[in-house]
Amino acid sequence: MKRAILFCVILLVVFAAKSQDLYTQEPWKITQHEITMTAYDKDLDAEAVVLYEIGNTSFLGNDNTGYFEMHKEIRTKIKILNQAGIKYAEFEIPFYEENSKPEMIRNLRAVTYNIEDGKLSKTELNDKNVFEEKRENNWKCKKFAMPNVKEGSVVEVSYTIVSPYLFNIDEWKFQKKIPVIYSRFSLKAVPYYEYTYIMKGAKKFDEYTHGLVPNSDVQWRSLKYKIYQYNMGMKDIPAFKDEEFITSEKDHMISLNFQLSKIHRPDGRRDDIMSTWPALCNDFLKHDLFGKYIDAAAKEAKKILPTLNLAGKSIEEQIKIITDYVKSNYSWNGNVRKMANSKVSDLLKQKRGNSAELNLFLAGMLSAANIKVQPILLSTRKNGKVSQGHPFESFLNYVIVQANTGEKNILLDATESMLLYNELPERCINVKGLVVEKNSEQWIDIVHDELALTEKEFDLKFNDNLTLLTSEIRYNAYAYDAYQYRAAYYSDTQNLYDLFMRRSVEPQGDIKVENYTELDKPFIISFKTESAGEGMADKLFIAPFLNQSQTDNLFKQKQRTLPVDLIHRHAAKFKSIIHIPEGYKVDYLPKEVKHDGKQMIINYTAVENPEKKQIEIIANYQFKNYIYEAKDYQTLKVLFDQMIKTFNETIVLSKI
């Protein structure tokens, strides 16, 4: 028996020594190491690891349509290392359909491998467990969860997407939330379509080869051509750790983005698809669902404007009135778009539309009022930043409006009725926007520098027997903080009650609100709470802000490699009046804190007023910027820790 065990150990050592035998990219094969590994040595905390992911994109002629189709074959194999990693055995395959021309998913096969009773088992995915789901903007999705998945499983999936849409090759994501041992994308190009690509998150590939494919002479119909292949691979890609306070993962994860740049026709003609930003602007202005949509909206606006009482108003007042009109009369359907989907008449009839329909209609309304207006194309935060050196239309997915008063420009968006007319939704605040002007390339900064502020006021009194602490609380929220509370309230105080309960605050009696619809004023929330008095022997312990100041550090990472993007400059102010019970005196007040540094302002004072028998505590913090360099992260983390400790320090009263 001992000899058998020794022989087995020797075999395993020899097996492990051959690195090429650890993993295999051969379809539907699995190595001993893949099925038995319990951790990934390059990331011991990994919940799962991608053993390989390979994409092969090629072009084949379709005899029925007479056009080329794009065939996108994807193969991937993932090792599930622990229970938390089981979520990586759930798959979604998005596909597109427009004008009854759907992308088709073919040859879907998925297998789960396990060791059961000492033997390798395979469980195939049943087609009945594949579900189709509609998404927005003509997108659909195939969804499935792998069968019989458990800790230690290996899952392997393969499928092909056949697409009539050749404009974009799907983004290839080398990096994921889990480590990737090997990833490769191959493009088998035909001489008629030329693509430009951008690599994000890295400067070079680990593998890069290209050249004519041997013996690849193809004849389809009257065309004769050879295939040229590009191979781009990367090895040992670390997991992209969840980084808080970033614009988009797309800006930082290693990936490839493609766009069709030229079409070379068999007769020698060439169509330049990707040219310049000015040419792209011209195309948008001539498009039926963009520039011509604005023109159509302006014609309809002539009937509406006389009802808005604009006479005698300043240009900025007119901008506000028109923007508020669109917001209050037309609702957003939740779809993010850079162009309209339907006619202006449909928006007028349905009173509901996508983001582009609302904002292009707003542009038409302003134009009809003789206000200088320009559409601004941008990429939302989720969609990632625009590379200004690469005029890829796919980088842009949203449009807002810029109106000029004669003295300044105002950026406008009509989708969020609870934001002030000149405040943009957070999704739009993403560095730069392209001004859509004829024969022009002009970029503007899209920032929101107004302070997002909440003031919290507390009035604390004990009952006569000191068993109950009653608190009258008032919140005054400004700018984006006001928007968040208004959106949470949504005309129902029960929503606010639920919000405070999730924060471990239980309002007693009615919750009162003020300025719900007056968006230029602070949103005010007032309520009362009751809590048991805390004390021991002859002492009372009081948290002056009732744990409603910050209690958790926003900055939780051990180290930071990316800039910190807070979107807004955030601030909070606190004021608490503690009524000293009869027969008690102040035993302990926290020390004063005054900090005005490069990153933050932090202040705290606690003062006794013997005449009024009160203690007044005033505190505040404010971020100096909304974007910080990675090197500032540890300083922010330390300052926030100190602020939390100070603001939540207990005040002690003792019996006289």
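The values are calculated or read from the model by the stated rules, or taken from the named source; none is laboratory data. Quick caveat, the model's predicted, so the values are computed rather than measured. Quick reminder, even Gly has a Cβ in these numbers, built from the backbone with ideal geometry, and neighbours come from all protein chains shown. Please note that ligands, DNA and RNA were not included when accessible areas were found on the heavy atoms of the full protein model with its side chains. Shrake-Rupley method; radii C 1.70, N 1.55, O 1.52, S 1.80 Å.
Flag: Lys372 matches the condition of being open to solvent by 10 Å² or more (accessible area, probe 1.4 Å) and either more than 20 Å from Phe258 (Cα to Cα) or not charged (D, E, K, R) (or both). Residue count for segment 384-409 satisfying the condition of being on the phi > 0 side of the Ramachandran plot and open to solvent by less than 10 Å² (accessible area, probe 1.4 Å): 1. Residues that are assigned to a loop (DSSP other than H, G, I, E, B) and free of Cβ contacts under 8 Å to residues at least 60 places away in the same chain within segment 355-379 comprise Asn370, Ile371, Lys372, Ser379, listed in sequence order. Just to be sure, is Asp236 touching a strand residue (DSSP E or B) at 6+ places or on another chain (Cβ under 9 Å), open to solvent by 40 Å² or more (accessible area, probe 1.4 Å) and farther than 30 Å from Asp271 by Cβ? Considered against the rule, which asks whether it is touching a strand residue (DSSP E or B) at 6+ places or on another chain (Cβ under 9 Å), open to solvent by 40 Å² or more (accessible area, probe 1.4 Å) and farther than 30 Å from Asp271 by Cβ, Asp236 comes out as yes.
Checked against the criterion of being outside any loop (DSSP other than H, G, I, E, B) and in contact with a strand residue (DSSP E or B) (Cβ under 7 Å, 6 or more places away or on another chain), the candidates Ile304, Ile319 yield just one match: Ile319. Of the residues screened, Ile294 is not one that is open to solvent by less than 30 Å² (accessible area, probe 1.4 Å) and closer than 26 Å to Ile54 by Cα.
Restricting attention to segment 239-260, the residues that are among the polar types (S, T, N, Q) and either surrounded by fewer than 18 Cβ atoms within 10 Å (Cβ to Cβ) or at positive phi (or both) total 1. State whether one or more residues within segment 509-520 are touching a helix residue (DSSP H, G or I) at 6+ places or on another chain (Cβ under 9 Å), of a type in the set (Phe, Trp, Tyr) and at pLDDT 95 or above. Yes, the conditions are met somewhere in segment 509-520. When residues in segment 353-390 are screened for being among the β-branched types (Val, Ile, Thr) and within 22 Å of the chain's Cα centre (by Cα), 3 of them pass. Restricting to segment 594-624, name every residue that is within 28 Å of His448 (Cβ to Cβ) and free of Cβ contacts under 8 Å to residues at least 12 places away in the same chain. Asp596, the sole residue that qualifies.
Kindly indicate which of Pro522, Pro544 is surrounded by 13 or more Cβ atoms within 10 Å (Cβ to Cβ) and within 17 Å of Ala482 (Cα to Cα).
Working: Pro544 fails: within 17 Å of Ala482 (Cα to Cα).
Within the list Pro522, Pro544, the selection yields Pro522.
The single condition among (1) more than 30 Å from Glu194 (Cα to Cα); (2) in contact (Cβ under 8 Å) with a residue 60 or more places away in the chain; (3) surrounded by fewer than 20 Cβ atoms within 10 Å (Cβ to Cβ) that Leu412 does not satisfy is (3). Every condition in (1) within 30 Å of Glu441 (Cα to Cα); (2) touching a helix residue (DSSP H, G or I) at 6+ places or on another chain (Cβ under 8 Å); (3) open to solvent by less than 50 Å² (accessible area, probe 1.4 Å) is met by Ile198 except one, and the failing one is (2). Among the residues of segment 267-275, are any in a loop (DSSP other than H, G, I, E, B), open to solvent by less than 60 Å² (accessible area, probe 1.4 Å) and under 30 Å from Pro563 (Cβ atoms)? For segment 267-275, residues in a loop (DSSP other than H, G, I, E, B), open to solvent by less than 60 Å² (accessible area, probe 1.4 Å) and under 30 Å from Pro563 (Cβ atoms): present.
Give segment 19-46 a look and list any residue that's of a type outside the set (Val, Ile, Thr) and farther than 17 Å from Tyr182 by Cα, or say none. Residues satisfying the conditions are Gln32, Leu44, Asp45. Checked across segment 44-63, the condition of being over 13 Å from Leu166 (Cα atoms), of a type in the set (Gly, Ala, Ser) and modelled with pLDDT under 95 holds for no residue. Within segment 71-91, residues that are within 15 Å of Leu125 (Cβ to Cβ) sit with their Cβ atoms under 9 Å from residues that are of a type in the set (Asp, Glu) and open to solvent by less than 10 Å² (accessible area, probe 1.4 Å), at 6+ positions apart or across chains, in these pairs: Arg75/Glu156; Thr76/Glu156; Lys77/Glu34; Lys77/Glu156; Ile78/Glu156.
Of the residues that sit in segment 30-68 and are farther than 30 Å from Ala189 by Cβ and in a strand (DSSP E or B), which one is most open to solvent (accessible area, probe 1.4 Å)? Going through the qualifying residues, I end up with Asp43. Considering each residue of segment 201-223 in turn, at least one proves to be over 25 Å from Glu90 (Cα atoms), charged (D, E, K, R), touching a residue at least 40 places away in the same chain (Cβ under 8 Å) and outside any strand (DSSP E or B).
In this entry, Tyr293 passes the filter for residues that are modelled with pLDDT of 95 or more and in contact with a His (Cβ under 9 Å, 6 or more places away or on another chain).
What about Gly389, is it in a loop (DSSP other than H, G, I, E, B), at pLDDT below 95, farther than 28 Å from Thr196 by Cα and out of contact with any Cys (no Cβ under 6 Å at 6 or more places or on another chain)?
no
How about segment 189-200: which of its residues are assigned to a loop (DSSP other than H, G, I, E, B) and either within 24 Å of the chain's Cα centre (by Cα) or among the hydrophobic types (A, V, I, L, M, F, W, C) (or both)? Correct list: Val190 only. Can you pull out every residue in segment 305-342 that is within 33 Å of the chain's Cα centre (by Cα) and on the phi > 0 side of the Ramachandran plot? Matches in segment 305-342: Gly334 only.
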